[in-house]
1. How much accessible area does ASP108 have with a 1.4 Å probe, in Å² rounded to the nearest 10?
2. Is the shape of the range 19-121 best called rounded, prolate or oblate, per the rule: a/c under 1.5 gives rounded, else a/b larger than b/c gives prolate, else oblate, with a ≥ b ≥ c the square roots of the Cα gyration tensor eigenvalues?
3. Based on the mean of other beta carbon atoms within 10 Å per residue, what is the order of 60-70, 87-97, most packed first?
4. Compute, for the range 59-104, the length of the dipole vector about the Cα centre, with Cβ point charges of +1 (Lys, Arg) and -1 (Asp, Glu) only. Units Debye, rounded to 20.
5. Report, in deg cm²/dmol and to the nearest 500, the calculated mean residue ellipticity at 222 nm for the chain, where each DSSP H run with n ≥ 4 adds -39500 (n - 2.57) and the sum is divided by the residue count.
6. Which three lengths, in whole Å and largest first, does the range 1-47 cover when its Cα atoms are put on their principal axes?
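The values are calculated or read from the model by the stated rules, or taken from the named source; none is laboratory data. Computed from a predicted structure; not experimentally measured. Neighbour counts are summed over all protein chains in view; Cβ atoms, including those assigned to glycine, are modelled from backbone coordinates with ideal geometry. Surface accessibility is based on the protein's heavy atoms, side chains included, excluding ligands, DNA and RNA. Shrake-Rupley method; radii C 1.70, N 1.55, O 1.52, S 1.80 Å.
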Amino acid sequence: MRATVLCYNLKGTNKGRKIGMIFGFLGYKVRHVEKEEYLLPVGEVAEGRTDGKAAGTFFEEEMLVMCPENERMLDQALMRMRKEKVQVPLKAVLTEMNQNWTSVALHDEILREHEKMTGGR
């Protein structure tokens with residue numbers, strides 16, 4: 001699979017455009033996930049296999065799911081985000097473990113982890 005970054009709730013924003021430039025420059029395919037795709041498996045969304053739409057629960061927080069080709073690509077993307085001062089607190093990397101989760105389930109897990117790490121801030 002080509003390196004991809006899934007962007008949630010960033011479409012049409014300045015931050016979304018900056019993320020598009022950062023990840024696009026590094027060779028990632030930038031994909032803004034539509035709310036109708038939130039209940040589909042994240043792995044299918046990353047591969048562009050979303051012929052069907054699913055209605056359901058949504059979330060409003062910004063979130064990124066990164067699918068790099070290698071660890072170097074991931075490090076470069078995170079470094080450029082820091083350098084450009086682009087912050088998205090909810091970030092994850094697509095793994096074998098989470099590829100079958102829905103975006104909502106992944107969001108909820110990342111949010112729980114983020115709150116534990118930051119003390120609820």
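1. 60
2. Since a/c reaches 1.5 but b/c is at least a/b, the shape of the range 19-121 is classed as oblate.
3. In descending order of packing, they fall as 60-70, 87-97.
4. 280
5. -12000 deg cm²/dmol
6. Over the range 1-47, Cα extents along the principal axes are 27, 25, 7 Å.
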